[in-house]
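Comments concern the structure below.
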Amino acid sequence: MKIIGTGSALPRKEVTNDDLSAFLDTSDEWIFPRTGIRSRHVISDERLEDLGAVAAQKALSDAGLKPEDIDLFLCSNVVNEYMTPGLGCIISSKVGLTCPSIDINCACPGFIYAMDIADSYFQAGKVENVLVVCAEEPTRMTSWQDRSTCVLFGDGAGAAVFTRGDGLKAVKLNAEPAPDKIWQYRALEPTPYVTKAETSVPLQMNGRDVFRFAVTTSIRDINGILAASGLTLEDVDYFMIHQANMRIVEGIRTRLGVPAEKFPCNIQDHGNSSSASCPILLDECNRKGMFKKGDKLIFSAFGAGLMSGVALLEW
Ligand code: COA
């Protein structure tokens with residue numbers, strides 16, 4: 001399969017580090033050197049499904065396809081206001097899709113998990129065109145009194161349209177189950193039978209363990225997919241790394257010994273938008289005209305689970 005269209009959409013409201021320090025004991029001097037983030041787009045009066053629909057429409061238009069051309073819609077999302085139906089169904093109704101949609105909740109590597117699923121459908125000969133939308137609002141998961149988490153995240157949606165072709169060279173998913181490293185708990189509706197105590201808990205994260213996992217896993221994933229494909233780091237034109245934190249991205253880049261121009265970054269004014277980060281970065285680079293035919297792109301993402309994924313794609 002190959003990518004023939006990309007799109008993205010961001011909330012209107014931009015919140016700078018200085019904006020945060022107006023109500024939180026934090027500062028640009030603390031946040032920027034540790035994360036590379038100066039501002040982030042934050043959902044206010046928008047709805048996530050509208051951002052997802054705009055990203056989808058832009059990707060369809062970039063691909064020159066209509067909603068009815070899509071045979072499968074994969075929607076990556078961790079949290080949104082609906083428990084049911086899946087966010088994919090809601091975005092489908094806004095975009096005019098009529099194909100089946102599957103929601104996946106694979107946190108930050110969701111775009112790569114979606115690519116792996118799409119690839120299986122293509123290989124089975126079941127589809128001609130697949131739409132992937134990653135729509136995330138992690139700023140609704142954190143406590144805005146918790147300076148160790150809320151400063152890290154931003155919201156948004158990214159999309160890509162895939163068609164038959166020889167673009168995806170390899171994709172590999174990994175999981176090292178450790179649900180206590182990043183988690184959020186939502187209390188469900190009470191029943192007469194549930195006697196255990198249940199309360200909602202905002203996002204909790206062991207930042208240092210996640211940092212370590214992200215850097216070591218991404219390096220292992222990238223070296224692994226290159227070795228399996230008979231390629232070297234020099235053969236890769238762009239490393240599209242999940243935009244979690246500039247120090248993570250830089251840790252990966254410097255340990256691999258790759259020049260900075262091969263590591264596009266937008267964390268500075270986006271923050272970590274979970275699974276939306278890779279397709280938003282992809283769309284921004286695509287619209288700048290950075291990619292030329294034959295360029296080799298590696299996607300690497302990691303996050304809650306703990307899960308990771310890596311993909312090698314030729315443009
Ligand atoms: N502003 C000011 N001070 C802050 C702060 C903030 N936003 N957040 C935390 N602090 C304080 C802490 O309270 C602590 O103070 P103390 O020493 O008085 O207790 C101090 O800074 C150090 O906190 P710590 O959590 O140890 O900082 P750190 O150096 O590990 O950096 C992260 C924290 C979150 C930036 C870092 O762990 C990280 O980047 N982790 C990866 C997170 C991530 O990307 N997750 C998503 C992956 S998909």
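Probing with 1.4 Å while keeping every protein chain in the model, the per residue accessible area of the range 154-257 equals 53 Å². With the dipole of the range 243-307 worked out from charges on the C-beta (+1 for Lys and Arg, -1 for Asp and Glu) around the Cα centre, which of Ala244, Met290, Ile267 lies farthest toward the positive end? Positive-most Cα among the choices belongs to Met290. Highest-first packing order for the peptide set 74-83, 187-196, 207-216, 48-57 is 48-57, 74-83, 207-216, 187-196, based on the mean count of other beta carbon atoms within 10 Å.
Given R₀ = 22 Å, FRET efficiency for Asn174-Glu234 by Cβ-Cβ distance, to 0.05? Could the numbers behind the result be given before it?
On the way: r = 24 Å, r/R0 = 1.11.
That pair, Asn174 with Glu234, gives E of 0.35.
Give me the percent of accessible area attributable to carbon and sulfur for the range 171-314, probe 1.4 angstrom. It is 54 percent, rounded to a whole number. Remark: the range 259-269, residue by residue, has Karplus-estimated 3J(HN,Hα) of x, 4, 5, 8, 10, x, 9, 9, 4, 3, 10 Hz, where x stands for each Gly or Pro and the curve is 6.51 cos²θ - 1.76 cosθ + 1.60 at θ = phi - 60°. Put a plus charge on the Cβ of each Lys and Arg, a minus charge on the Cβ of each Asp and Glu, and nothing anywhere else: the dipole of the range 2-165 about its Cα centre is then about 320 debye. Each Lys and Arg Cβ is given +1 and each Asp and Glu Cβ -1; about its Cα centre, the chain then shows a dipole of about 560 debye. Note on Asn105 and Trp30: the model spin-label points, each 7 Å out from Cα along the C-beta direction, lie 3.1 nm apart. Split the accessible area of the range 2-165 by element, probe 1.4 Å, and carbon with sulfur accounts for 48%.
Rg and Dmax of the range 2-165, both derived from C-alpha coordinates alone, stand at 17.2, 55 Å.
The values are calculated or read from the model by the stated rules, or taken from the named source; none is laboratory data. Treat the numbers as computed from the prediction; the structure is a model and nothing was measured. Ideal geometry is used to build each Cβ from the backbone, glycine not excepted, and the neighbour counts take in all protein chains shown. Protein only, heavy atoms only, side chains kept; ligands, DNA and RNA dropped before computing areas. Shrake-Rupley method; radii C 1.70, N 1.55, O 1.52, S 1.80 Å.
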